[in-house]
1. What is the local net charge at Arg87, summed over the other residues whose Cβ is closer than 9 Å to its Cβ (Lys, Arg +1; Asp, Glu -1)?
2. Please identify the helices of the chain, taking whole runs of DSSP H, that span at least 15 Å along their own axis as judged from the Cα atoms and have a mean Kyte-Doolittle score of -1.0 or higher.
3. Among Tyr177, Tyr205, Tyr261, which one moves the most in a GNM of the chain with springs linking Cα atoms closer than 10 Å?
4. Report the local net charge at Ser165: Lys and Arg +1, Asp and Glu -1, summed over other residues whose C-beta lies under 15 Å from its C-beta.
5. Trypsin sites (Lys or Arg not before Pro) within the range 226-267: which are DSSP loop residues with at most 12 other Cβ atoms inside 10 Å?
6. Which label belongs to the value computed from this structure, given these candidates for Kirkwood radius over Cα pairs in Å: (1) 19.7; (2) 25.5; (3) 20.7?
7. Between the range 198-237 and the range 55-98, what's the alpha-carbon centroid distance in Å?
8. Can you give me the Cα centroid spacing of the range 269-316 and the range 29-53 in angstrom?
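What follows draws every value from the coordinates through simple rules; no lab data is involved. In this text the structure is predicted, and so the values were computed from the model without any measurement. All Cβ positions, even for glycine, are placed from backbone atoms using ideal geometry, and neighbour counts span all protein chains on display.
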Amino acid sequence: MVPYCRVLIDNLQAAVDSQFDSKARTTSHSYEKYNDWETIAAWTADIAAQNPDLVTRSVIGETYEGRPMYILKVSKAIFMDCGFHAREWISPAFCQWFVKEFILLSQDHYYWKIQLLELSLRFDLCFIHQNVVFKDRMWRKTRSENAGSRCRGTDPNRNFNAGWSLGASKSPCDSTYCGSAPESEKETKALADFIREHLSTIKAYLTIHSYSQLLLFPYSYTYQLPSNHEELNSIAREASKQLASLYHTKYTYGPGATTIYPAAGGSDDWAYDQGIKYSFTFELRDTGRYGFILPESQIKPTCEETVLAVKYIANYVLEHLY
């Protein structure tokens, strides 16, 4: 979610090369490496085929360049998206890890099997993989063409109808360009349409980004606090404690506008304004040493600790649904 790459790297190519430091160097899918788009797409099909009672795959749209936007449904009422910004590779890595964790827990542990059966009756965790990677490793935006400009793309997390364009860039050449209109991007509209169609069942929205180690909630487009601010703050505080319990990774939490900076057009604010009162943005590891070039060796600990926070939020929502 960081608008500009502030990582102090003298040799970017060397940093990119060293990012692939995991021992899990295979051509097949691995939960401890950064998989390319084709590998992730094949994995979504395989994981659904291998676990038909737990996972179903569908397509809610496609990106500007024609890549399908996949949803993996593993239960009912929480929507989670990953890979919204192309350069944030740890984000889709986490969603793949979370699906694996969900399946393993449901199969191997009696206690969790009972608990996950309860979750599966009431929750709908969904995953979008939009991991578009091309020559520019630091690319943030979509790949759409902008009329009258040589510059491509719109920041999808400035493109939602939540204070749209207020304080956001109106220049197509900027990495935080808000687009020509709300939901001008195919990716943004597909996600928004899906959520609108399922508002009666979606009770929580989680969007996974990097980096900065933050757990944010509305609002970002205004300094006004949401009506359930105290509840959201309490959830974020406890989820951050759960996350820190494993590797002592410290997260900062709070409303987006005051915790980092004002930002309009974000998906979490938009989801909240649609009536989804449990809406959170995760900014995963780290705080700037590697930034978007987080080494593969940190995928496992990052995912393990983040799962604890997501579980806390999911259980809280489950307990307060009825």
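1. Values: positive: Arg137, Arg140; negative: Glu88, Asp136.
Combined, the nearby Lys, Arg, Asp and Glu give 0.
2. Numbers: long enough: 37-50 (20 Å, 0.31); 90-108 (26 Å, 0.61); 110-122 (19 Å, 0.00); 186-197 (16 Å, -0.73); 229-247 (28 Å, -0.61); 299-319 (30 Å, 0.38).
Taking the DSSP H segments of the chain (at least 15 Å long, mean hydropathy at least -1.0), we get 37-50, 90-108, 110-122, 186-197, 229-247, 299-319.
3. Residue with maximal mean-square fluctuation among Tyr177, Tyr205, Tyr261: Tyr261.
4. Working: positive: Arg158, Lys170; negative: Asp155, Asp174, Glu183, Glu185, Asp269.
Result for the local shell: -3.
5. Details: sites: Arg237, Lys241, Lys250; in loops: Lys250.
The qualifying sites are Lys250.
6. Computed from the coordinates, Kirkwood radius over Cα pairs in Å corresponds to (1).
7. 19
8. Here the answer is 20 Å between Cα centres.
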